[in-house]
Amino acid sequence: MDALIIKAVGGLYTVESPDGAIQQCPARGIFRMQGISPCAGDRVRVEDGCIAEIYPRKNAIIRPPLANLDRLFFVLSVTDPAPNLQILDKFLAVCVYKEIAPALVFTKVDLADPAPYADRYRNTGFPVYIVDYDDRASVSAVYDALAGKISAFTGNSGVGKSTLLNAIDGGLQIRTGETSRKLGRGRHTTRETVLYTLQNGGRVADTPGFSTFVTEAYAQIAPQELPDCFPEMAAVPGQCRYADCRHLKEPGCVIREAVRSGAIAKSRYESYTVMMQEAAAK
Ligand SMILES: Nc1nc2c(ncn2[C@@H]2O[C@H](COP(=O)(O)OP(=O)(O)O)[C@@H](O)[C@H]2O)c(=O)[nH]1
Ligand SMILES: [Mg+2]
Ligand SMILES: [Zn+2]
């Protein structure tokens, strides 16, 4: 029987069968021996009340542990806290590298103008959502993007992830306005990942804090692969003078020309150069 893991707490899993039946079960010891652990989002075979097989994953992130993500939503508040775009750009590059489709969601637009941030991503091809709670359609747009897919919201504490999920589906009743510190240390030791199920068949995880999935994958991006992780750079027409151009200081570089002309946002290019220097240093 094929089932979807919708919740993982320690070594106990809540799985949902195609007919909607829900059961809790552990996983066979073999996984531990193989060094893999089932996680929310995994498609599994349940046998005798036990997870007996994990089907191949299309992707996975480590913290929080989630598999088979159709989209990872980076939730960013335009203020309080203001976004760190360099870190965001690193996460986005790793997403592209790991073949996880990202999206950007800007919140708290009642407090500040999102345009200075959002405009930098217009030509990336990443979907950009601007959530204004006075405009119901802006919330529905995010809801519609979750339909029938497995997604996760990620972003710093306090950016409004839980608020947005509650606005999307009033039945979820996720607690808001709490910092992870307030939850206490004990809470962190119980690793819990939940996929909420929406009316439109969407499944979405509300992940606390910015996930650190980046570090391990980040280390794998080779310098020559990095430009492809910035879609608007990969899309620049023409060729640089040197076939192995890293788009840093080389003459005849079409990427730097695109930055000069404004076709590529300066901040995006700066994030690229920082990553390139880090990748080359390895
Ligand atoms: N002004 C304003 N406040 C918001 C908005 N979204 C969330 N908040 C507030 O920001 C705080 C943190 O929200 P929360 O959803 O708990 O953030 P999370 O840590 O990312 O889940 C709460 O006090 C929310 O009421 C928004 O769009 N505008
Ligand atoms: Mg929250
Ligand atoms: Zn170049």
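The values are calculated or read from the model by the stated rules, or taken from the named source; none is laboratory data. Note that the structure is predicted; figures quoted are calculated from it, not measured. Note: ideal-geometry Cβ built from the backbone for every residue, glycine included; neighbour counts use all protein chains shown.
I need the helices (runs of 4 or more DSSP H) fully contained in the stretch 197-282, keeping only those with at least 2 residues that are at pLDDT below 95 and more than 16 Å from ligand 3 (Cβ to nearest atom). Steps first, answer last, please.
Numbers: elements: 214-218, 231-234, 254-261, 266-281.
Fully inside the stretch 197-282 and qualifying: 214-218, 266-281.
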Looking only at the stretch 127-157, how many residues end up being in contact (Cβ under 8 Å) with a residue 24 or more places away in the chain, assigned to a loop (DSSP other than H, G, I, E, B), surrounded by fewer than 18 Cβ atoms within 10 Å (Cβ to Cβ) and not polar (S, T, N, Q)? 6
Restricting attention to the stretch 66-88, the residues that are of a type in the set (A, V, I, L, M) and surrounded by fewer than 16 Cβ atoms within 10 Å (Cβ to Cβ) number exactly 2
Restricted to the stretch 14-65, and to residues that are part of a strand (DSSP E or B) and β-branched (Val, Ile, Thr), which residue is surrounded by the fewest Cβ atoms within 10 Å (Cβ to Cβ)? ILE22
Residues located in the stretch 174-191, provided they are surrounded by 12 or more Cβ atoms within 10 Å (Cβ to Cβ) and at pLDDT 85 or above: ILE174, THR176
Consider the stretch 94-120. How many of its residues are of a type in the set (A, V, I, L, M, F, W, C), part of a helix (DSSP H, G or I) and at pLDDT below 95? 3
